[in-house]
Ligand SMILES: NC(=O)c1ccc[n+]([C@@H]2O[C@H](COP(=O)([O-])OP(=O)(O)OC[C@H]3O[C@@H](n4cnc5c(N)ncnc54)[C@H](O)[C@@H]3O)[C@@H](O)[C@H]2O)c1
């Protein structure tokens, strides 16, 4: 660390890379040292804009003196670039998903176990969004017990950016988008034991683009999910409804949370729609929390086990959809090679 500044490099300078650049370059304990993108013109332009070193291949980025790598490339490159950084002794923040399959996620976990001084996090920014933090606190303190819940997660399309429609690169709707949702279900509602998932492919041929799932959770709680990527962006495209004993909570996108803690209690509502997307979607708080973890001044909850766990659930969903039967989601083994 130089003058207590964390030296960061970013690979992938598109939508997500620019979000992290904007946040990290505004933090006084961070120096964005080097940037890299397959698009050399973009690399040059961003390097000038942020006074960083342009790197025109991945190896020169790794040897540029960075201590942390932000992996913001399309999903299919996450595992390989993460493993390269870990092998070079560099901490990693990877955009979601951690990898496109459980085996690669396990390889990352094993590599991290071998080098136990390297920190890793994955971009589950919604955990850091104000609405989900309030919900988490209400559930953690048992103000509401999540006996039965339903989640709607629909998207207007799977063609922005263009690689998302290519399942070889993105992993499809499940790995690209629903990875956030399964992480939030566990973050809010508890551990998923079993998933029964029915899926169709009506619009994006060859990709599972419609899902109806039932999750059995710890404590016997239940949750349903209806999801598709061929709806519109009509508000709200995402909604959580959590119901306890005469209590309920609902969240619409990252804008509003409304809850009622009893039959005779007034509803409470918090509305964050006026906040910038960086704040209300949790990106800013997420990056600040990760940097503090790297500096050793705070803990950060989202590590490789969280990333690995999300892939276990996705794999169980995919398997259940294929076999049309309920699948038990095994808990993370202490030995990631199992
Ligand atoms: N957490 C979130 O809310 C969120 C939101 C959007 C995207 N993402 C994730 O961020 C990642 C990037 O998505 P995006 O929307 O920014 O995509 P994008 O297409 O806008 O940007 C990707 C960039 O990576 C570059 N690139 C592609 N392959 C490369 C390689 N092998 N090496 C170096 N550069 C390469 C491209 O030229 C492009 O500039 C994805 O993993 C996506 O899932 C997360």
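Laboratory data are not the source of any read-out in this text; all were calculated from the coordinates shown. Since the model is a prediction, treat every value here as computed from it, not as a measurement. So basically every Cβ, Gly included, is an ideal-geometry build from the backbone, and we count neighbours across all protein chains shown.
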Cβ density ranking, 10 Å radius, fewest first, applied to 233, 293, 163 yields 233, 163, 293
With a ≥ b ≥ c from the Cα gyration tensor eigenvalues, square-rooted, and the rule rounded for a/c under 1.5, otherwise prolate when a/b > b/c and oblate otherwise, the range 207-273 is oblate
Quick shape check on the chain: root eigenvalues a ≥ b ≥ c of the Cα gyration tensor, a/c under 1.5 is rounded, otherwise prolate if a/b tops b/c, else oblate, and it reads prolate
For the pair residue 113 and residue 159, the simple spin-label estimate (label points 7 Å beyond Cα toward Cβ) gives in nm 4.4
Rounded to the nearest 0.05, FRET efficiency between residue 264 and residue 103 (Cβ-Cβ, R0 56 Å) equals 0.60
Going from the fewest other Cβ atoms within 10 Å to the most, one would list 270, 187 as 270, 187
In degrees rounded to 10, the 0-90 angle between helix 15-24 Cα long axis and the longest Cα principal axis of the chain is 70
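Between residue 274 and residue 133, what length comes free when the chain is fully extended (0.36 nm per residue of separation minus the Cα-Cα distance, one decimal in nm)? Kindly include the intermediate steps, with their values, before the conclusion.
Numbers: separation 141, 0.36 × 141 = 50.76 nm, distance 1.73 nm.
Separation in residues times 0.36 nm, less the Cα-Cα distance, equals 49.0 nm.
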In whole angstrom, the spacing between the Cα centers of the range 162-230 and the range 307-330 equals 9
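When a/c is below 1.5 the answer is rounded, else prolate if a/b is larger than b/c, else oblate, so apply that to the range 73-163 with a ≥ b ≥ c taken from the square roots of the Cα gyration tensor eigenvalues. If you can, show how the numbers build up before the last one.
Details: a/c = 2.55, a/b = 1.47, b/c = 1.73.
Oblate, because a/c is 1.5 or more while a/b does not exceed b/c.
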Final fewest-first order of 20, 274 on the 10 Å Cβ neighbour count is 274, 20
Check: C-alpha center the range 1-51 vs C-alpha center the range 81-101, spacing in Å is 17
Residue 198 and residue 44 label points (each 7 Å along its Cα→Cβ direction) are spaced in nm at 5.6
For the chain, longest principal axis from Cα atoms; helix 283-295 axis from its Cα atoms; angle between them, nearest 10 degrees, is 60
